[in-house]
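Contents: one structure, followed by commentary.
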Amino acid sequence: WNGGYSFPSLTGKFAAWAIVGALGQIAATFLLVHLFSHRNFAVGTAYSRTEPAQAALFGLILLGESISFGTIFAIAVCVAGVMLISVARVNLTFRSLATSIGQRTALIGLASGTLFGLSAVAYRAASLSLGGPNYFVQAAVTLACAITLQTVLMLIWIVLRERHEFANIVRAWKPSLLTGVAGALASLGWFTAMTLQNAAVVKAVAQVEMLLAFATAAFIFKEKINRLETLGCALIAAGVVLIVLLR
């Protein structure tokens, strides 16, 4: 409105993709949080980090988007780095990680990564289906619709299943407000990037959040970073650089 742009027409195709993205994200987040109720959740968390690779597969199947072998290699480097960080503080090697594929936590983690990857591709498809007026408006409209749908669905869930949580929500509104604004702005960045570029590439590059998290842990909270975590960070950084160079 402030920019003088016309509001995009919300078609049935847009609605279908937005619903898939919103539901997929809720389900993926549930599975990821559910992992922490298991003692060996590190295995599942590591497998959930295969999200960029799975997004590449969904992009190919659902949208016909292909990426170069160089980009696939770069994404694999990023995924390896994040998985390494996920298991860096437990007695687990890549060999044992590979043999744990049939474990319940591994399957939950893979399912979470699958749904996150599907959600990312669905959001990209929804945004692109608007066809204009520009990538930022398309991303913002898609995000607004997705958040509205998710809010309504979660409100219905709380009313039907956990009404006592309303009191907790009211008590925690101040920190929740800050977290919500940060999350919404981050999501706007995600949606804008995925409107411009293949979702798998965006998800891989976005793993730099791990580097920022470790920088915060090391310099602000004075936490010690072990060798495997350092190697994982190096792999993520290398993967992001390779994506830029090999695309």
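The values are calculated or read from the model by the stated rules, or taken from the named source; none is laboratory data. All values derive from a computational prediction rather than experimental measurement. Here the Cβ positions follow ideal geometry from the backbone for every residue, glycine too, while neighbour counts run over all protein chains shown. In case anyone asks, the SASA skips ligands and DNA or RNA and just uses the protein heavy atoms, side chains included. Shrake-Rupley method; radii C 1.70, N 1.55, O 1.52, S 1.80 Å.
Details
- Solvent-accessible area, 1.4 Å probe, carbon plus sulfur percent, for segment 170-226: 73 percent
- Note on semi-axes √(5λ) of the Cα gyration tensor in Å: of the candidates (i) 30, 24, 18; (ii) 33, 20, 18; (iii) 30, 21, 17, the value calculated from this structure sits at (i).
- Over segment 79-212, accessible surface divided per residue gives 52 Å², non-protein components excluded, 1.4 Å probe.
- For the chain, size of Cβ-based charge dipole, Lys and Arg +1, Asp and Glu -1, in debye: 440 debye
- Extending 7 Å from Cα along the Cβ direction at F30 and again at I61 yields two label points whose distance is 2.0 nm.
- Accessible-area composition of segment 122-169, carbon plus sulfur, in percent [1.4 Å probe]: 70 percent
- Span-like helix ranges in the chain, DSSP H, alpha carbon extent 18 angstrom or more, Kyte mean at least 0.5: 12-35, 69-86, 104-129, 135-161, 173-196, 227-246
- Taken along its principal axes, the alpha carbon cloud of segment 7-82 reaches lengths of 47, 35, 21 Å, longest axis first.
- Farthest positive-ward along the chain dipole, Cα basis, beta-carbon charges - from L212, A122, V33: V33
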